[in-house]
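> For reference, the structure I am asking about is given below.
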Amino acid sequence: MSLSLVAANTVVAAGIHLPFIGTQYTALLGQGAFADDKRLQVSHTSTLADALVSIDQYAFGEDAERKNRWRLRLTERLAHDAQRVRMLGSSAIDLAWTAEGRLDACIQLGNKPWDTSAGVLIAREAGARVLDHDGSEHSEQSRSTIAVTPALEVGLMEAVRATLVD
């Protein structure tokens, strides 16, 4: 379950409950992020070669081939450049685990605010950079949601831009 409270177009509170691992992730704007009562901090991984990166699941149905072109190119590039690439299947888990340091980055190439807003606040409050595919700050109008530990931002965004397909 993933919930967020939005006031004046700003997410001010967030919670993600993962009962299968018995953990609740929470954040308040400007107050930090927590897994239960433990303060979260993104990993200190500094090279893409050492990074564990999650990418969102592939599109299916109508127009799937076109929609997946970028995902496939990016997955291939990251399989070569990163230590490991994972596909967990949940934006909330990807973002929470990036905040917790279980992942070093996560990439959601489709952006649905109802899937990402809680995780975006939690990741930011834990020190992640949260960006759109073009490197701009993530917003609810963003086309993508990319959360990354600051030391990996340049390398990861280079991979994203190098594989961008419209």
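> Could you look through segment 132-158, keep only residues that are surrounded by fewer than 21 Cβ atoms within 10 Å (Cβ to Cβ) and touching an Asp or Glu at 6+ places or on another chain (Cβ under 8 Å), and pick out the one that is farthest from L3 (Cα to Cα)? Please lay out each step first, then the result.
If we filter segment 132-158 for residues that are surrounded by fewer than 21 Cβ atoms within 10 Å (Cβ to Cβ), which is where we start, we get 132, 134-137, 139-144, 150-151, 153-155, 157-158.
Pick out the ones that are also touching an Asp or Glu at 6+ places or on another chain (Cβ under 8 Å) and you get 139, 142-144, 155.
Working: S139: 17, S142: 19, R143: 20, S144: 19, G155: 31 Å.
Ranking the candidates gives G155 first.
> Just to be sure before I move on: is W114 more than 16 Å from E153 (Cα to Cα), of a type in the set (F, W, Y) and surrounded by 13 or more Cβ atoms within 10 Å (Cβ to Cβ) in the structure I sent?
no
> Would a scan of segment 69-79 turn up a residue that is open to solvent by less than 40 Å² (accessible area, probe 1.4 Å), at pLDDT 95 or above and not aromatic (F, W, Y)?
Taking every residue of segment 69-79 in turn, at least one turns out to be open to solvent by less than 40 Å² (accessible area, probe 1.4 Å), at pLDDT 95 or above and not aromatic (F, W, Y).
Here's the yes/no breakdown for (1) closer than 20 Å to T149 by Cβ; (2) in a strand (DSSP E or B); (3) polar (S, T, N, Q):
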{"site": "L3", "(1), (2), (3)": "no, yes, no"}
{"site": "V6", "(1), (2), (3)": "no, yes, no"}
{"site": "V12", "(1), (2), (3)": "no, yes, no"}
{"site": "I16", "(1), (2), (3)": "yes, yes, no"}
{"site": "F20", "(1), (2), (3)": "no, no, no"}
{"site": "Y25", "(1), (2), (3)": "yes, yes, no"}
{"site": "F34", "(1), (2), (3)": "yes, yes, no"}
{"site": "V42", "(1), (2), (3)": "yes, no, no"}
{"site": "T45", "(1), (2), (3)": "yes, no, yes"}
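> Is there any pair with a first residue in segment 136-152 that is over 14 Å from C106 (Cα atoms) and a second that is open to solvent by less than 50 Å² (accessible area, probe 1.4 Å) and assigned to a helix (DSSP H, G or I) whose Cβ atoms are under 6 Å apart and which are 6 or more apart or on different chains, and what are they?
What qualifies is E140/P113.
The values are calculated or read from the model by the stated rules, or taken from the named source; none is laboratory data. Keep in mind it's a predicted model, so treat the numbers as computed, not measured. Note that each Cβ is placed from the backbone with ideal geometry, even for glycine, and that neighbours are counted across all protein chains shown. We work out accessible area using only protein heavy atoms, side chains counted, and drop any ligands, DNA or RNA first. Shrake-Rupley method; radii C 1.70, N 1.55, O 1.52, S 1.80 Å.
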